[in-house]
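Below you'll find the structure, written out as structure tokens, and then a few comments.
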Amino acid sequence: MRITLIGLAVAACLVSGHAMAADTVDCSKLDLSFKADHWKVKCYDNTSMGSVDYAYNQDAVQELAATHGTEILEVIDQRASSSRVYFTRSGTRQYIEQTFKHVPVNDWSDQESIGDFDVGYFDSTMDGQDVKCIGFSHYGRNRVVDGISCTADGDYKKAAEALQFLSR
């Protein structure tokens, strides 16, 4: 049995646990962009929620969730608005486990880079199905962008291909 698009859409909204409570916004208002044919993309602004349970306390949190067939991609952009606030640099696995608490991270592999993202591969379960995922992060001054891309097609490479459509 394969994950359906509807199941993945629900999973994408629930992965971080905050998208459903956030304000849906026009994706052009985000600092992130995801441009790929045939993907369904939704964007959220969690900034007005105050202190949400993300990896760190920050002033601005934007989220992009995309689905295509048996694939999902979810990206969290966390920013501090003050120039005197800095995020503590952590490993990609730590960012993923703190931000996506409802996603089990099993068999994490060594990290590599794809573009300017640090990446790790892992196995997980969504909607009762086994999925192959990548976790990715980019650390910058006053900003951390992290996310996951998962597929039920059983191939890490397919999950990694989604990153080519993402820009920050």
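Whole-Hz Karplus values for the range 136-153 come out as 9, 8, 9, 10, x, 4, 6, 8, 10, 10, 9, x, 10, 9, 10, 9, 8, 7 Hz, taken residue by residue from phi with 6.51 cos²θ - 1.76 cosθ + 1.60 and θ = phi - 60°; glycine and proline positions read x.
Values of log10 I(q)/I(0) for the range 116-168 across q = 0.25 Å⁻¹ run -0.92, by the Debye formula with one identical scatterer at each alpha carbon and no solvent.
Once the C-beta distance of D31 and E112 is scaled by a Förster radius of 25 Å, the resulting FRET efficiency is 0.50 to the nearest 0.05.
Protection proxy ranking, highest mean first, for peptides 90-96, 71-77: 71-77, 90-96, where packing is the per-residue count of other beta-carbon atoms within 10 Å, averaged.
Taking a label point 7 Å from the Cα of D130 along the Cα→Cβ vector, which residues of the range 149-164 have an amide N closer than 13 Å to it? Label zone hits: 152-156.
Within a straight-line Cα-Cα reach of under 17 Å, K42 can be paired with the following lysines, leaving aside sequence neighbours fewer than 8 residues apart in one chain: K29.
Quick note: the coordinates plus some simple rules give every number you see, no bench work behind them. Everything numeric in this text was worked out from a predicted model, so none of it was measured. For neighbour counting, all protein chains shown are included, and Cβ atoms are generated from backbone atoms with ideal geometry for every residue, glycine included.
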